[in-house]
Amino acid sequence: MAKTILIINGPNLNLLGEREPEVYGHKTLLDIESECRVITEKYSFKLIAKQSNHEGELIDAIQEARKSAAGIVINPGAYSHTSVALRDAIASVDVPVVEVHISNIHAREEFRHYSFISAVVDGVICGCGTDGYQYAIQRLISLLVH
Ligand code: CA2
């Protein structure tokens, strides 16, 4: 059975492609997931994508992934800057996790500069636009196949 990579997206990222294209680009979340799937299939991984606007649902998805996923790519959205609970959930996961931010959070408002998540993940990709998700998948695969 194919091993699974999970992509988790947090609040408001379901709006990608609909608003603020100057910050978040023109692609929808479905476009991004399809691009990532091309990469995961090449390496015989199955891709599962989840998005939620609710902190508890994101934590549930991370806890479930402890049993079912080989690795996780996560864009926690605004919860990156606020959620100790999400950080604790990620810290409890044994599989590799890569954090993605579409925008360069360090070049934006000061409240976005700190991510509670970054210290407990294996890598952070930030400011590379929506291509960052593909870079994160590539990194995860490198960690998993070597
Ligand atoms: O740059 C990123 O990926 C962020 O994680 C996106 C979050 C933001 O709160 C973080 O500081 C950085 C916001 C996601 C909102 O997504 C939208 C997409 C389209 C239209 C409106 C919001």
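The values are calculated or read from the model by the stated rules, or taken from the named source; none is laboratory data. Since this is a predicted model, take the numbers as computed values, not measurements. Heads up, the Cβs are rebuilt from the backbone with ideal geometry, glycines too, and the neighbour counts pull from every protein chain shown. What goes into the accessible areas is simple: the full protein's heavy atoms, side chains included, and nothing from ligands, DNA or RNA. Shrake-Rupley method; radii C 1.70, N 1.55, O 1.52, S 1.80 Å.
Per atom type, the chain shows carbon and sulfur on 50% of its accessible surface, probed at 1.4 Å. For segment 71-116, the dipole from Cβ point charges (+1 on Lys and Arg, -1 on Asp and Glu) about the Cα centre works out to 100 debye, to the nearest 20. Max-minus-min Cα coordinates of segment 8-120 on each principal axis give 36, 30, 21 Å, with the largest extent listed first.
What FRET efficiency do you get for Asp122 and Glu22 if R0 is 35 Å and r is their Cβ-Cβ distance, rounded to the nearest 0.05? Step by step, r from the Cβ atoms, then E = 0.70. What whole-number distance in Å separates the alpha-carbon centres of segment 67-118 and segment 14-29? Rounded to whole Å, the Cα centres lie 19 Å apart. Computing FRET efficiency as 1/(1 + (r/R0)^6) for Glu35 and Arg108, where r is the C-beta to C-beta distance and R0 is 30 Å, gives about 0.80. Provide the net charge surrounding Val145, with neighbours chosen by a C-beta distance below 13 Å and charges set as Lys +1, Arg +1, Asp -1, Glu -1. Spelling it out: positives minus negatives among the neighbours equals +3.
For trypsin sites (Lys or Arg not before Pro), the sites in segment 1-59 that DSSP calls loop and that have at most 10 other Cβ atoms within 10 Å are Arg19. Accessible area ranking (1.4 Å probe, heavy atoms, ligands and nucleic acids excluded), largest first, for Val84, Val120, Val38, Val73: Val38, Val84, Val120, Val73.
Considering only GluC sites (Glu not before Pro) in DSSP loops that have at most 13 other Cβ atoms within 10 Å, the longest stretch of the chain without any of them is 19-108. Here each label is just a point 7 Å from Cα along the line to Cβ, and for Lys67 and Lys3 those points are 2.0 nm apart.
Residue farthest toward the positive end of the dipole of the chain, with Cβ of Lys/Arg at +1 and Asp/Glu at -1: which of Val120, Leu86, Gly71? Most positive-ward Cα: Gly71.
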